[in-house]
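FYI, it's all coordinate maths here, none of it is from the lab. Predicted, not measured: the structure shown is a model, and the values here were computed from it. Please note: Cβ atoms are built from the backbone with ideal geometry, for glycine as well, and neighbour counts cover all protein chains shown.
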Amino acid sequence: MASARPATWRKRAGGLAALAGAGAALGHAPLGLWPVSLVALAALFALFRGASTWRAAMALGWAAGVGYFALALAWIVEPFFVDIARHGWMAPFALLGMAGGLALFWGAAHGLAWRLGGGAVPWAVALALAELARSYVLTGFPWALIGHVLIEAPFLPVAGFVGAQGLTLLALALAVGVYALLRRQSVVAVLIFGCAVGLGAYAHITQSAQIAARPADTARPVLRLIQPNAAQHLKWDPAMTGLFFRRQLRLTAAPDPAGRPDLVIWPETAIPVSLNYAQPVIAQVAQAAQGAPVVMGMLREEGVRLYNSAVLIDGQGVVSAIYDKHHLVPFGEYMPLSGVMARLGIAGFVTRGGQGFSAGPGARLMSVAGVGQALPLICYEAVFPQDVAAAPARPEFLLQITNDAWFGKISGPYQHLAQARLRAVEQGLPMVRAANTGISAMIDIDGTVTASLGLGQAGFVQAALPAARPPTVYARLGDWPIALLYLVVLVLCHSVTNKTRARIRGL
């Protein structure tokens, strides 16, 4: 390991690590400053190289994680301000608790990397493995992965081969390349940057060739995405629900120079009436749609259970398919240890009686006549590649309905949109996104937003549905290959470290 540093440096290392972590978060939407992220991660690696013990390395990693997650997930305080009298006091605890808890993954990674020799390879792989772990542990939370900073970079097509987890490893490798460049280790820097550019070029060429081979979009079905812009604090206000509903009816019935759409999509929880009692409402929606099928978000009751659902209404106003959200938001849509939480007076944002929503049986396809097979995803579910991969068969497009009004207007909705773009690239499938307050968008298989309606606007987006490409490598294999690679590399690092220590003891 590196030689001992002055005491003043050791005292400042935690603060510098937190600043480096915060700098690494600047690559996320809406800023997209991915070069800054790479430099900040390189600075974190330099700090890690100076750690004298595994405990010091773990502390540095945890401090960096706190800085990173506190900035990247700052939007998490927004839901607490919707009903500030009830939930506002929780906002700082939620952000600090989330940042400190997720930072434990980074701390463990840095401690492990130090024990494995403290080099660039164990650091990058251990931290990438930590990001993979937090994507799955305790239902997972793969928001603001390190790899997401490359969504605005030229390396996005690589996600079709290795997914978001592979982008994380690539970002860390590039950070090591920056570190090597600053240390004038030109051979290492050229090797890393050369491999990264080669991988990105290959992915881009492959993707471009498949896009060029698709049928022209002029022959594609046309979809209309409805965005009512119902602010969360007004969404369920009895004085406002009728206004928002009538607004969506007008947008559905409105003429467009391109003609009538083949499918109309309303956002998550688009109407205040449960499906069980919504037949008069559904009749009005079908009339406004003028024969086009409509997908809309609704609540659904089944005995004492409540579901957050996507409902398909055919051209005759008949409910022909229902999808119940199965990956629920902890502390939002359901409360872990709900009985204990209820006794403490703590309830989720959208729960009833402390019990919250029930989870649906899992991913399912929704067949839309004249359009194709859709995989419905409700809000949070589009964050999880594994939820997309859980589809019983390959769909023709991904369909996300969401209510991003919970996320404020600064960063949350933009990050959510960025992850939707990433899902399209990973799967080689177009993503259709209808959001209550925005950003509603049509997204091509290369992650390009072909049509959209901005945040905080009421209106509709009407655009042709892009064609899918053949299944990507990532769509076929998922995260298993990259997870296996991480484990193999770390085992090899462990073996090399043990042999080195044995030689030292033998001298």
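Between Leu31 and Ala212, what is 0.36 nm times their sequence separation minus the Cα-Cα distance? Round to one decimal in nm.
62.1 nm
Counting only DSSP beta bridges with both residues in the chain, tell me the antiparallel percent, nearest 5.
Around 65 percent of the beta bridges assigned by DSSP in the chain are antiparallel ones.
Over the alpha carbons of the stretch 124-196, what is the largest minus smallest coordinate on each principal axis, giving the biggest first in Å?
43, 24, 17
How large is ³J(HN,Hα), in whole Hz, for each residue of the stretch 363-379 in order, when computed from phi with the Karplus curve 6.51 cos²θ - 1.76 cosθ + 1.60 and θ = phi - 60°, using x for Gly and Pro?
Working through the residues one at a time gives 5, 8, 8, 10, 8, 10, 4, x, 10, x, 8, 10, 9, x, 9, 9, 6 Hz.
Got a sec? Which residues in the stretch 457-472 would a label at His233 touch, if it sits 7 Å along Cα→Cβ and we count backbone N under 18 Å?
So the set is 457.
If R₀ is 41 angstrom, what is the calculated FRET efficiency for the pair Tyr136 and Tyr202, using the beta carbon separation as r and rounding to 0.05?
E(calc), rounded to 0.05, equals 0.90.
Determine how many Å³ per residue the convex hull of the Cα atoms of the stretch 409-490 encloses.
Details: hull volume 8.2 nm³, N = 82.
Value for the stretch 409-490: 99 Å³ per residue.
Which angle between 0 and 90 degrees, to the nearest 10, do you get for helix 279-289 versus the longest principal axis of the chain when only C-alpha atoms count?
So the helix axis and the longest Cα principal axis differ by about 80 degrees.
Multiply the residue separation of Leu243 and Val319 by 0.36 nm, subtract the distance between their alpha-carbon atoms, and state the gained length in nm to one decimal.
Full extension of this stretch gives 25.0 nm more.
Calculated from DSSP H runs of 4 or more alone, at -39500 (n - 2.57) each and per residue, what is the 222 nm mean residue ellipticity of the chain, nearest 500?
Helices in the chain give a 222 nm mean residue ellipticity of -15500 deg cm²/dmol.
Modelled label-to-label distance, Gln386 and Arg55, 7 Å Cα→beta-carbon offset: nm?
So the label points at Gln386 and Arg55 sit 3.4 nm apart.
Could you sort the peptides 469-478, 275-284 by per-residue average Cβ neighbour count (10 Å cutoff), highest mean leading?
469-478, 275-284
Using 7 Å Cα-to-Cβ label points, what is the Leu104/Gln373 separation (nm, one decimal)?
4.0
Rounded to the nearest 10 degrees, what's the angle between the helix 238-253 long axis and the longest principal axis of the chain, both from Cα atoms, 0 to 90?
So the helix axis and the longest Cα principal axis differ by about 80 degrees.
Angle, helix 7-24 long axis vs. longest principal axis of the chain, Cα atoms, 0 to 90°, nearest 10?
Result, in degrees: 30.
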